[in-house]
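Heads up, the thing below is written out as structure tokens.
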Amino acid sequence: MSQTLEKRVEELERKLAESSEEILQLRPLKKDWRRTVGCMPDDEITREAARLGREYRKQQTYEKEVAGS
């Protein structure tokens, strides 16, 4: 029994060491606008979302200009 348990513990320790090495080698992806451009399809819904975003930003700019006058 103790020999089996010892082997199991050794196997777990080996797997843990391998996993730790893999994790340490991982690098977070660099967040960059160039990775994001083009990820949305050019369809009606996407164009509508872009249009609504432009309208919203235009309205926000207008409200700031009026408030600043």
(request) Name the residue farthest towards the positive end of the dipole of the chain from the options 12, 2, 53, assuming +1 on Cβ of Lys and Arg, -1 on Cβ of Asp and Glu, about the Cα centre. (result) 53
(message) How charged is the neighbourhood of residue 57? Take every other residue with its Cβ under 14 Å from the Cβ of residue 57, and add Lys/Arg as +1 and Asp/Glu as -1.
(response) +1
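With a 1.4 Å probe and every protein chain kept in, tell me what percent of the accessible surface of the chain is carbon plus sulfur. Intermediate values should be presented prior to the final figure.
Working: 4170 of 7290 Å².
Percent of accessible area from carbon and sulfur atoms in the chain: 57.
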(message) Exposed loop sites here are trypsin sites (Lys or Arg not before Pro) in DSSP loop states with at most 12 other C-beta atoms within 10 Å. What is the longest stretch of the chain lacking them?
(response) 32-69
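When the dipole is taken about the Cα centre of the chain, and only Lys, Arg (+1) and Asp, Glu (-1) are charged at their Cβ, what size is it in debye, to the nearest 20? Show your work: numbers first, answer last.
Values: 15 positive and 15 negative charges, 78 e Å.
For this selection, approximately 380 debye.
The values are calculated or read from the model by the stated rules, or taken from the named source; none is laboratory data. The structure displayed is predicted, hence computed values, not measured ones. Ideal geometry is used to build each Cβ from the backbone, glycine not excepted, and the neighbour counts take in all protein chains shown. Just the protein is used for accessible areas: all its heavy atoms, side chains included, with ligands, DNA and RNA removed. Shrake-Rupley method; radii C 1.70, N 1.55, O 1.52, S 1.80 Å.
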